[in-house]
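Structure first, then comments.
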Amino acid sequence: MSEFSKWALYAEDDTGYGVIIDYGMQKAEGEDTADALTKTGAHFVLGEAGMAAGMAIPVPGLDVVAGFAFGFILNTGFDFLYDKLRRKR
């Protein structure tokens, strides 16, 4: 059983399954525990921010697409900057 599969099993009955899967995938890819926790927390918060930004658009369907796009851009930017700054240490 892969590391991802082990973490995905924990997610089955949990409303925070996205957070558990995110953390589990990062650990399975070899991420340090502290970095995985930091990134998972940031992904959750930035995803919520993207969702909130999308909800501000009063067009059904477009709000979902925009929220996803905002969240994706925020998370991708965070990961890029975090990894770049971590390498400098």
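Among the residues of region 34-68, write down those that are part of a helix (DSSP H, G or I), without any contact (Cβ under 8 Å) to a residue 40 or more places away in the chain and not hydrophobic (A, V, I, L, M, F, W, C). Full working, then the answer.
Step one: of region 34-68, the residues part of a helix (DSSP H, G or I) are 34-55, 62-68.
When the remaining residues are screened for being without any contact (Cβ under 8 Å) to a residue 40 or more places away in the chain, the result is 34, 36-37, 40-41, 43-55, 62-68.
Scanning region 34-68 gives Thr40, Gly41, His43, Gly47, Glu48, Gly50, Gly54, Asp63, Gly67.
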Among the residues of region 34-71, which ones are out of contact with any Asp or Glu (no Cβ under 8 Å at 6 or more places or on another chain) and among the hydroxyl-bearing types (Ser, Thr, Tyr)? Thr38
Sort out which residues of region 69-84 are surrounded by 14 or more Cβ atoms within 10 Å (Cβ to Cβ) and without any contact (Cβ under 8 Å) to a residue 24 or more places away in the chain, and write them in order of number. Phe70
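Just need a number here: residues in region 29-45 that are open to solvent by 40 Å² or more (accessible area, probe 1.4 Å) and touching a helix residue (DSSP H, G or I) at 6+ places or on another chain (Cβ under 6 Å). Please lay out each step first, then the result.
Kept after step one, since they are open to solvent by 40 Å² or more (accessible area, probe 1.4 Å), are these residues of region 29-45: 29-34, 37-38, 44-45.
With the extra rule that they be touching a helix residue (DSSP H, G or I) at 6+ places or on another chain (Cβ under 6 Å), the set shrinks to 44.
Count: 1.
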Can you tell me which residues in region 54-68 are within 30 Å of Lys27 (Cβ to Cβ) and open to solvent by 40 Å² or more (accessible area, probe 1.4 Å)? Val64, Phe68
For residues that are open to solvent by 40 Å² or more (accessible area, probe 1.4 Å) and outside any loop (DSSP other than H, G, I, E, B), tally how many sit in region 12-21. 4
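The values are calculated or read from the model by the stated rules, or taken from the named source; none is laboratory data. Quick caveat, the model's predicted, so the values are computed rather than measured. A quick note on method: Cβ atoms are made from the backbone with ideal geometry, for glycine too, and the neighbour counts reach across all protein chains shown. With ligands, DNA and RNA removed, areas are computed over all heavy atoms of the protein, side chains included. Shrake-Rupley method; radii C 1.70, N 1.55, O 1.52, S 1.80 Å.
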